[in-house]
1. Take residue 202 and tell me if it is under 17 Å from residue 81 (Cβ atoms) and in contact with a Leu (Cβ under 6 Å, 6 or more places away or on another chain).
2. Hey, can you tell me all the residues within region 208-227 that are more than 20 Å from residue 252 (Cα to Cα), free of Cβ contacts under 8 Å to residues at least 40 places away in the same chain and in contact with a helix residue (DSSP H, G or I) (Cβ under 6 Å, 6 or more places away or on another chain)?
3. Answer with yes or no whether residue 149 is under 27 Å from residue 280 (Cα atoms), touching a helix residue (DSSP H, G or I) at 6+ places or on another chain (Cβ under 8 Å), without any contact (Cβ under 8 Å) to a residue 60 or more places away in the chain and of a type in the set (D, E, K, R).
4. Mind listing whichever residues of region 54-90 are among the polar types (S, T, N, Q) and either part of a helix (DSSP H, G or I) or closer than 23 Å to residue 251 by Cα (or both)?
5. Do we find a residue being under 27 Å from residue 262 (Cβ atoms), surrounded by 15 or more Cβ atoms within 10 Å (Cβ to Cβ) and of a type in the set (Ser, Thr, Tyr) anywhere in region 172-191?
6. Under 9 Å between Cβ atoms, which residue pairs at least 6 apart in sequence (or on different chains) link something in region 243-259 that is within 19 Å of residue 28 (Cα to Cα) with a partner that is of a type in the set (Lys, Arg) and in a loop (DSSP other than H, G, I, E, B)?
7. When you scan region 62-90, how many residues do you find that are aliphatic (A, V, I, L, M) and either without any contact (Cβ under 8 Å) to a residue 40 or more places away in the chain or crowded, with 24+ Cβ neighbours inside 10 Å (or both)?
8. Quick check on region 237-286: of everything there that is over 15 Å from the mean Cα position of the chain (by Cα) and of a type in the set (Val, Ile, Thr), which residue is modelled with the lowest pLDDT?
Amino acid sequence: MPVFSHNISFGKVLNMIPGYRAFRNTRSWKKIKHKVILKTSKRKNDNYTQFLRLPTQFQALNSIIDEYFRCNEQVNICVLGCSDGSESFSISSTLLTNFPDLKFKIFSYDIDESILDKARIGRYKREQIFDNKLITKEFIENTFKINNDIFEVKNLISKHVNFEKLDVLDREKVSSLGKFDLIFSQNFLFHLKSKDVLKAFSNIVSILKENSVLFIDGIDLELREKLTIKYDLTPYGFNIEKIHNEAREARGAGWPYHYWGLEPFSKDKPDWERRYATIFFPVTLL
C-alpha cells in the first residue's frame, strides 16, 4: 500500500485511483462538478457582452413581434443588465431591419454608471464587434458606420434606445419603471447570490404586462425552472436547442468549471423545454 506525504494534494490522491481520470471525462462527473461549483463559487459582477449574441434568439424576436406586437401603437422594451449597450442596439437594429414601420422604444438599465457612459457614446472597437463569431455581415452593415477600426452605431438605431442607472434589487425603483411588452434580463442573474436572484426575478416579473414576453438567458438552470413555474411562465418552443447551443458557444469552455458555464443540451429530462428555453410567455398571451 502506498504511503502518502501529508503535503500531497487531495486532487493528486484522486488521480492515483484507477479509472478516476477516465471518469472525469464523463458527463456524469462534469454534472457533479458543476453542481459543486454552483454551490461554492463566489459570484462576481461582469460587464462582458456581445452584439447579436444569440442570432437564433433574434429570429425568435422577429416571430414574436410579427405574431403578437406588430399592430401595437408602440412596443416598449426593457433591457436589464444592458452593459455597454450591445444587446439594446442589437434589438433596435433587428427591429428596424425587419419592421421598419414599427414604433418602439428600448429602455436600458445597468447598475454600473461607467459602463452606461460607454453605451451612451455608442462607439466600439473592431475586436468588440467580431468577438462574436456568429455575427453576420448584414447585421454589421445595417448597424454601424465604420471609420477605420471604430464602429459607431447609426443614429437611426441609437435614437430608439436610452440608458439609465438601476439596481434590479431595488423593488421601489423597478416598480416605478412601469410595465413593458418585452423584457430582456440576460446574462447577469447568474452573477448574483441565489437569494438575490429570487428577489430580482420577483421584481422583473412585476413589470411584465399581462401580455408580454420575457427573454432570460444567463441564470442558473435549476432556478430558471423553479421560478418560471412559480410565476406561471410558459416556455416558447422556437428552436430551443439551437439557441441553447449558441449560448454555450458564447460562454466558451465555461462548463463545468465556472458557475456561468452552460451544460450540453439533453432531452433526458421530461421538462427539458422549460430547463433550456430562454424565452417565456405569461399564460395570458398564449
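The values are calculated or read from the model by the stated rules, or taken from the named source; none is laboratory data. Here the structure is a predicted model, which is why all the values come from computation and not from measurement. Because the Cβ atoms are built from the backbone with ideal geometry, glycine has one as well, and the counts that use them run over all protein chains shown.
1. On the way: under 17 Å from residue 81 (Cβ atoms): yes; in contact with a Leu (Cβ under 6 Å, 6 or more places away or on another chain): no.
So residue 202 does not fit the description; no.
2. Within region 208-227, 223, 227 qualify.
3. Numbers: under 27 Å from residue 280 (Cα atoms): no; touching a helix residue (DSSP H, G or I) at 6+ places or on another chain (Cβ under 8 Å): yes; without any contact (Cβ under 8 Å) to a residue 60 or more places away in the chain: yes; of a type in the set (D, E, K, R): yes.
The answer is no for residue 149.
4. Taking region 54-90 first, the residues among the polar types (S, T, N, Q) are 56-57, 59, 62-63, 72, 74, 76, 83, 86, 88, 90.
Of everything in region 54-90, those that are among the polar types (S, T, N, Q) and either part of a helix (DSSP H, G or I) or closer than 23 Å to residue 251 by Cα (or both) turn out to be 56, 57, 59, 62, 63, 83, 86, 88, 90.
5. Filtering region 172-191 down to residues under 27 Å from residue 262 (Cβ atoms) leaves 174, 180, 182-191.
Pick out the ones that are also surrounded by 15 or more Cβ atoms within 10 Å (Cβ to Cβ) and you get 174, 180, 182-191.
Checking the rest, the ones that are also of a type in the set (Ser, Thr, Tyr) come to 185.
The answer is yes; a qualifying residue exists.
6. Between residues of region 243-259 that are within 19 Å of residue 28 (Cα to Cα) and residues that are of a type in the set (Lys, Arg) and in a loop (DSSP other than H, G, I, E, B), the close pairs are 258/251; 259/42; 259/43.
7. First pass over region 62-90, keeping only residues aliphatic (A, V, I, L, M): 64-65, 75, 77, 79-80.
Then drop every residue that is not either without any contact (Cβ under 8 Å) to a residue 40 or more places away in the chain or crowded, with 24+ Cβ neighbours inside 10 Å (or both), which leaves 65, 77, 79-80.
Number satisfying all stated conditions: 4.
8. 284
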